[in-house]
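The values are calculated or read from the model by the stated rules, or taken from the named source; none is laboratory data. All of these numbers come straight from a predicted model, not from anything done at the bench. Cβ sites come from the backbone with ideal geometry, for glycine too, and all protein chains shown count toward neighbours. We work out accessible area using only protein heavy atoms, side chains counted, and drop any ligands, DNA or RNA first. Shrake-Rupley method; radii C 1.70, N 1.55, O 1.52, S 1.80 Å.
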Amino acid sequence: MLGLDSRTVSSLARFTFYLDRLRADQRGNVAIMAGLLMVPLIGAMALAFEVSNWYMTKRAMQNAADAAVLAAATNGAANYAAEAKAVTAQYGFVDGSNNVTVTVSNAAACPGGGNTCFSVTITDLVPLYLSQVVGFPGDATLNSVSAKSLTSTAVATQAQIPVNYCLLALATSGTGIRTNGAPKANMTGCDVMSDSAATCNGGNLLAAIGAAHNTNNGCGIQQYSNVASVSDPYSSRASNIPTNTCNLSDYSWEPASKKGIPLASSNQWSGAQSLNGNVVVCGDLQLTGDVTINASSGAVVVIENGQLDTNGYTLSTANGSALTVVFSGDNSGSYTHAPTGGGTLDFAAPTSGPWAGVAIYQDPKITSGVDISAAGNSPTWDITGLVYLPNADVTFNGAVNKSSYGQSCFVMVVNKVLIDGTASILETGGCDAAGLPMPTNTVPSRAQLVL
């Protein structure tokens, strides 16, 4: 065979035999393929493991951010950021620790527009492990090695609810509402608001909501600080006060109980009084007996430079009648522009017209002789409607009830008020029917996620 010796031919035959046998043998193929695919398989498994770990971490971060932003928005006060970070810490994400950063803002962009939303962003850096096998380089650096940056953000808005107030203090400095150890004060069903601070010692007034533009310290069952101030909603009613036509000599009369010139008979009322429209009284008006006002279309008694001295008697409106008492005049002299004396004020404000809902009104231009030292007590107030005392410092220590023939509506607007003793507003909730729009603003409610 081509000059080959027999040994060579035999060797070639055996080699060919084994080569054909090896070619036909399929055992071990899987192992070879597994060996060839081991590197990409390990890489894929590594990447899947790390991605799932990132997902779980990011889900935990999102839960923490959601809870934290809701806490911040509900808080709404100056320490909102601290409260948010305290919440993320409870979820294991402590700002500045273990590569975690927590950023909180109260000026975030809202999905619907504006920059009044709250936001919490949590960032965490995690090291890379097996994912580097498939060449993933990471997107951050941690301790000079590649890392993955994980971020979760939540945005919430601070929902607001409207509140109507039956007690409003307009003073913009100091303490507008203050109690002097008044655990028996009862403002159930009433909300109170101070355009400055509010401090209640000895009890929360039992008011459903207590709010203050500055700090509220203890007023109200639900207490709010740093809320929007309430603009005086009733000052424009002063345009309805008729021009003062009284003469200076008209104010020289003094009440009959004092020494000096007695009051003119026109300034002394008793019995039934049928009134209509504006009735101007120059100087003090004193009751010399119980007075019942008959004024089906409503009457406005304007007292110029004088007080309403109930003198121990009752001033009331008949069934179906309405009354507004207005105090106006000058800041000069020693005039008192307020109700005084014992007895009772039992009357309802008109439900329509320019004085709708207004029972007692001090002209906002009057700043002297307007303070009241025993509101609701001397005389007793059974009043339906608004008692407007915008420049008065008032001590409130009586129980206010509705008038005999009026709705359950009472609103008092003052400069500042000291609530003392058993001050109470017994019946509220009927101001719509009484024709009186109440002072209002909004307070924070439960926050809601928007992103």
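Hey, among the residues in segment 357-393 that are farther than 28 Å from Tyr405 by Cβ, assigned to a strand (DSSP E or B) and modelled with pLDDT of 95 or more, which one's least open to solvent (accessible area, probe 1.4 Å)?
Residues of segment 357-393 farther than 28 Å from Tyr405 by Cβ: 364-371, 373, 391, 393.
From what's left, assigned to a strand (DSSP E or B): 373, 391, 393.
Going one step further and asking which of them are modelled with pLDDT of 95 or more, we end up with 391, 393.
On the way: Asn391: 52, Asp393: 69 Å².
Once the filter is applied, the top-ranked residue is Asn391.
If the Cβ limit is 7 Å and pairs must be 6+ apart or interchain, which residue in segment 92-104 that is under 28 Å from Thr116 (Cβ atoms) pairs with which residue that is open to solvent by less than 50 Å² (accessible area, probe 1.4 Å) and in a loop (DSSP other than H, G, I, E, B)?
Once the first residue is under 28 Å from Thr116 (Cβ atoms) and sits in segment 92-104, its partners that are open to solvent by less than 50 Å² (accessible area, probe 1.4 Å) and in a loop (DSSP other than H, G, I, E, B) give Val100/Phe93; Val102/Phe93.
Taking into account only those residues within segment 98-114 that are of a type outside the set (A, V, I, L, M) and modelled with pLDDT of 95 or more, which is farthest from Lys58 (Cα to Cα)?
Among those residues, the one meeting the criterion is Ser105.
How many of the residues making up segment 317-327 are crowded, with 21+ Cβ neighbours inside 10 Å and either among the polar types (S, T, N, Q) or closer than 13 Å to Gly341 by Cβ (or both)?
In the first step, residues of segment 317-327 are kept if they are crowded, with 21+ Cβ neighbours inside 10 Å; the result is 317, 321-327.
Now drop any that are not either among the polar types (S, T, N, Q) or closer than 13 Å to Gly341 by Cβ (or both), which leaves 317, 321, 324.
Here the count works out to 3.
Residue-by-condition table, conditions (1) free of Cβ contacts under 8 Å to residues at least 40 places away in the same chain; (2) on the phi < 0 side of the Ramachandran plot; (3) within 26 Å of the chain's Cα centre (by Cα):
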| position | (1), (2), (3) |
| --- | --- |
| Asp393 | yes, yes, yes |
| Phe396 | yes, yes, yes |
| Ser404 | no, yes, no |
| Gln407 | no, yes, no |
| Leu418 | no, yes, yes |
| Gly421 | no, no, no |
| Ile425 | no, yes, yes |
| Gly429 | no, no, yes |
| Ala433 | no, yes, yes |
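Applying the selection to segment 186-236, what residues are assigned to a loop (DSSP other than H, G, I, E, B) and polar (S, T, N, Q)? I'd like the intermediate steps shown before the answer.
Step one: of segment 186-236, the residues assigned to a loop (DSSP other than H, G, I, E, B) are 187-191, 195-196, 200-208, 213-215, 218-221, 225-234.
Within segment 186-236, Thr188, Ser196, Asn201, Asn204, Asn214, Thr215, Ser225, Asn226, Ser229, Ser231 qualify.
State all residues of segment 405-432 that are part of a loop (DSSP other than H, G, I, E, B) and open to solvent by 60 Å² or more (accessible area, probe 1.4 Å); if no residue qualifies, say none.
So in segment 405-432, the residues part of a loop (DSSP other than H, G, I, E, B) come out as 405-409, 420-423, 426-432.
Those that are part of a loop (DSSP other than H, G, I, E, B) and open to solvent by 60 Å² or more (accessible area, probe 1.4 Å): Tyr405, Gln407, Thr422, Leu426, Glu427, Gly429, Asp432.
Filter segment 135-158 down to the residues that are over 30 Å from Pro444 (Cα atoms) and outside any strand (DSSP E or B), then identify the one that is most open to solvent (accessible area, probe 1.4 Å). Can you show your working first?
Filtering segment 135-158 down to residues over 30 Å from Pro444 (Cα atoms) leaves 135-150.
Going one step further and asking which of them are outside any strand (DSSP E or B), we end up with 135-139, 143-144.
Working: Gly135: 56, Phe136: 63, Pro137: 89, Gly138: 23, Asp139: 89, Asn143: 135, Ser144: 114 Å².
Going through the qualifying residues, I end up with Asn143.
Restricting to segment 34-81, and then to whatever is among the polar types (S, T, N, Q), open to solvent by less than 60 Å² (accessible area, probe 1.4 Å) and more than 34 Å from the chain's Cα centre (by Cα), can you tell me which residue is modelled with the highest pLDDT?
Here is the first cut: in segment 34-81, the residues among the polar types (S, T, N, Q) are 52-53, 57, 62-63, 74-75, 79.
Next cut, open to solvent by less than 60 Å² (accessible area, probe 1.4 Å) only: 52, 57, 62, 75.
Those left that are additionally more than 34 Å from the chain's Cα centre (by Cα): 52, 57.
Details: Ser52: 86, Thr57: 92.
Here the answer is Thr57.
Assess whether Ser332 counts as being assigned to a loop (DSSP other than H, G, I, E, B), surrounded by fewer than 22 Cβ atoms within 10 Å (Cβ to Cβ), of a type in the set (Ser, Thr, Tyr) and free of Cβ contacts under 8 Å to residues at least 40 places away in the same chain. Full working, then the answer.
On the way: assigned to a loop (DSSP other than H, G, I, E, B): yes; surrounded by fewer than 22 Cβ atoms within 10 Å (Cβ to Cβ): yes; of a type in the set (Ser, Thr, Tyr): yes; free of Cβ contacts under 8 Å to residues at least 40 places away in the same chain: yes.
When the stated conditions are applied, Ser332 passes them.
Which pairs do you get when a residue that is touching a residue at least 40 places away in the same chain (Cβ under 8 Å) and farther than 17 Å from Val443 by Cα, found in segment 77-88, comes within reach of a residue that is open to solvent by 70 Å² or more (accessible area, probe 1.4 Å) and not small (Gly, Ala, Ser), reach meaning Cβ atoms under 8 angstrom, with the pair 6+ apart or on two chains?
none
What is the one condition in (1) under 27 Å from Pro162 (Cα atoms); (2) modelled with pLDDT of 95 or more that Asp346 does not satisfy?
Against the list (1) under 27 Å from Pro162 (Cα atoms); (2) modelled with pLDDT of 95 or more, Asp346 comes up short only on (1).
Take segment 307-329 and flag every residue that is in a strand (DSSP E or B) and either of a type in the set (Phe, Trp, Tyr) or free of Cβ contacts under 8 Å to residues at least 12 places away in the same chain (or both).
So the first thing to find is which residues in segment 307-329 are in a strand (DSSP E or B), and the list is 308-309, 314-317, 323-328.
Listed by number, the list holds a single entry, Phe327.
Taking the condition of being open to solvent by less than 60 Å² (accessible area, probe 1.4 Å) and either of a type outside the set (Ser, Thr, Tyr) or in contact with a helix residue (DSSP H, G or I) (Cβ under 8 Å, 6 or more places away or on another chain) (or both), how many residues in segment 208-227 meet it? Working first, answer last.
Looking only at segment 208-227, we keep the residues that are open to solvent by less than 60 Å² (accessible area, probe 1.4 Å), and these are 208-212, 216, 218-220, 224-225, 227.
Going one step further and asking which of them are either of a type outside the set (Ser, Thr, Tyr) or in contact with a helix residue (DSSP H, G or I) (Cβ under 8 Å, 6 or more places away or on another chain) (or both), we end up with 208-212, 216, 218-220, 227.
Summing the residues that are open to solvent by less than 60 Å² (accessible area, probe 1.4 Å) and either of a type outside the set (Ser, Thr, Tyr) or in contact with a helix residue (DSSP H, G or I) (Cβ under 8 Å, 6 or more places away or on another chain) (or both) in segment 208-227 gives 10.
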